[in-house]
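Step one of this worksheet: look at the structure below.
Coordinate-derived values only; no laboratory data. What you see is a predicted model; the values in this text were computed from it and never measured. Every residue, glycine as well, gets a Cβ built from its backbone with ideal geometry; the counts of neighbours run over all protein chains shown.
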Amino acid sequence: MAVLLGLDIGTTSTEGILIDTDGGTLATLSRPSELISLHANWSEEDPELWWSNVVAITRGLLERTRLSGKEIAAVGVSGMVPALILLDRNGRVLRRSMQQNDARATEEIEAMRRRFDSRHFFELTGGSINQQLIAPKLQWVAHHEPEVFRAIATVFGSYDFIAHRLTGSRTVEHNWALESGLVEFARRQFTAELIEPAGIDASVLAPIRASHEVVGTITGEVAAATGLAKGTPVIAGCADHVASAYAAGAANDGDLVLKLGGAGDILLSTARPVTDPRLFIDYHVIPEHYFSNGCTAASGSLLKWIARELAAGEQEKASQASLSIYAWLDRRAEEVPPGSGGVVLLPYFLGEKTPLHDPYARGTLVGLGLHHGLAHVWRAALEGVIFGFRHHVEVFEENRLSVRRAFACDGGAASDLWLQIAADVIGRAVQRVERHPGSCLGAAYVAGYGAGLFGDFGGIGRYVGAGRVFEPNIGNSGVYDRAYANYREIYERLKTLYPRLDPQGH
């Protein structure tokens, strides 16, 4: 039996897990991260905090399990994608990361749209020109922080940066590369036509590696800091949503995963690559498989904002009921009928990613009356995120992709109310995945595969459990059909107004 370490660089926390090769989870540990949003549409984090979290978590896991670093056979890292981390020639971080949901580069996105024919860009990349691409973000840095831009020696993603710190190697995992918009999909490599608009030299981009490939080993300096053994292999890692969906059980064609984290990811496992400019496409952990997927930029982060900014007065009541503020607000929202009494919330608090690709979109609350209260707003937020998922399911179906099974995972999947809403709105049974610690589990298992300790990808199911199945309530379908239609129409009516709300006047 061997032990594997998985790490996840998440939006709200850094998480770690130790698993053994017999199907056991030995320990998990997390430390908080901080999302920094200094201006509208800005979303940043401190990569050095991620690294200090990794060091503390690794030491903490070894202490908790009383294992020595020599007993850890391999390390895998997952993280949000495609975050942008910039290093100078000495490996120093030049600025805070620009997260995947950072939508500040509106002018640069528009310039890129003028430069590329949208169909040609789609043919090259399999995707669209949107707010999460790396080139517009780099151009924003060039325009607003020219000294930083001139000092760039390496462009990384979140988990690429951690793998680099662990090993000293310089690589990027293939899903970061693909989602960056700098890679030609058919050739699976960076191409000059896509790099040129970013204004960077191709040398700042590291070689591309598949998730399970070993990219280096733990250095002596890192061994001293973390307690790991020098020479322990480290794999290229995984995009967090891919690792999480894989750990949730999405291994077969037609498996759908709703990932209810800080952002809301929806992933459909496919045996063939299907590209659509409204969606993203990622490589599955399993070779020659893919994830057709999308993301609503604000999901759990929206609920966190409501709890912090609008529900401060409810904290004491939640404590008296021995509930978290989220469970307390769920309890109150359960008393509100489906459709939230006519209140509709568009969850575009960070602009919106798929399928709209609109960085100008804004969080919008419609239908309020004096008879409504916080519970209506909370339920409307839960429904709004799921309406976004339904929009994705419709796009999947337009591409002749079938949904055969649906799973839900990550923090938001603990909410019975949210999963029942999901089942009702998308009209399919949704199964909660139990004992799913997050993307770190997928990273740990893939590390084991990359190190030759697992012979296939099928064994990850031993580490999670099949939880409650939420069946759709057919009686709610009519209400949700009307509410969803309103949700779609509100955006269509307001989308030309949103850019005029930009405080910078862009």
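What's the ranking of 188-198, 136-146, 79-89 by average number of surrounding C-beta atoms within 10 Å, highest first?
On the way: 188-198: 16.3, 136-146: 19.2, 79-89: 23.9.
Peptide ranking by packing, descending: 79-89, 136-146, 188-198.
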Dipole in debye (nearest 20) - the range 145-273, about Cα centre, beta carbon charges: Lys, Arg +1; Asp, Glu -1: 380 debye
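With an 8 Å cut-off on Cα pairs and a minimum separation of 6 or more residues, tell me the relative contact order of the range 34-147 in percent. It would help to have the intermediate numbers written out before the result.
Numbers: 104 pairs, mean separation 29.1, N = 114.
With pairs under 8 Å counted, the relative contact order is 26 percent.
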Debye, to nearest 20: dipole size of the chain, +1 on Lys, Arg Cβ, -1 on Asp, Glu Cβ: 260 debye
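I'd like the antiparallel share, as a percent to the nearest 5, of DSSP beta bridges with both residues in the chain. Could you put the intermediate results ahead of the total?
On the way: 51 of 73 bridges.
Percentage antiparallel, nearest 5: 70.
Using 0.36 nm per residue, how much length does the chain from residue 312 to residue 40 gain when fully extended, once their Cα-Cα distance is taken away?
Working: separation 272, 0.36 × 272 = 97.92 nm, distance 2.27 nm.
Working it through step by step, the gained length comes to 95.6 nm.
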Inter-centroid distance (Cα atoms) of the range 268-332 relative to the range 83-115, Å: 24 Å
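Pop the C-beta distance of residue 193 and residue 52 into the FRET formula with R0 = 30 Å and round what comes out to the nearest 0.05. Don't jump to the answer; show the numbers that get you there.
On the way: r = 39 Å, r/R0 = 1.30.
About 0.15, to the nearest 0.05.
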Around residue 293: net Lys/Arg minus Asp/Glu count, Cβ-Cβ under 13 Å: -3
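For a protection proxy built on the mean count of beta-carbon atoms within 10 angstrom, sort 61-67, 157-163 highest first, please. Don't skip to the end; give the middle numbers.
Working: 61-67: 15.3, 157-163: 29.3.
In decreasing order of mean packing, 61-67, 157-163 become 157-163, 61-67.
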Stretchable slack from residue 230 to residue 321, in nm (0.36 nm times residue separation minus alpha-carbon distance): 27.9 nm
Label-reachable residues, the range 236-256, where backbone N falls under 16 Å from a point 7 Å from residue 272's Cα toward its Cβ: 253-255
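How would you order 450-462, 375-387, 274-286 from highest to lowest mean count of nearby Cβ atoms within 10 Å?
On the way: 450-462: 15.5, 375-387: 26.2, 274-286: 21.0.
Averaged packing, sorted descending, gives the order 375-387, 274-286, 450-462.
With an 8 Å Cα cut-off and a minimum separation of 6 or more residues, compute the relative contact order for the chain in percent.
Values: 1155 pairs, mean separation 84.1, N = 506.
The normalised contact order for the chain reaches 17 percent.
Net charge near residue 65: determine it from the other residues with C-beta under 11 Å of the C-beta of residue 65, scoring Lys and Arg +1 and Asp and Glu -1. Intermediate values should be presented prior to the final figure.
Details: positive: 64, 66; negative: 20, 63, 71.
My count for the surroundings of residue 65 gives -1.
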The range 1-69-the range 440-459 distance, computed between alpha-carbon centres (Å): 18 Å
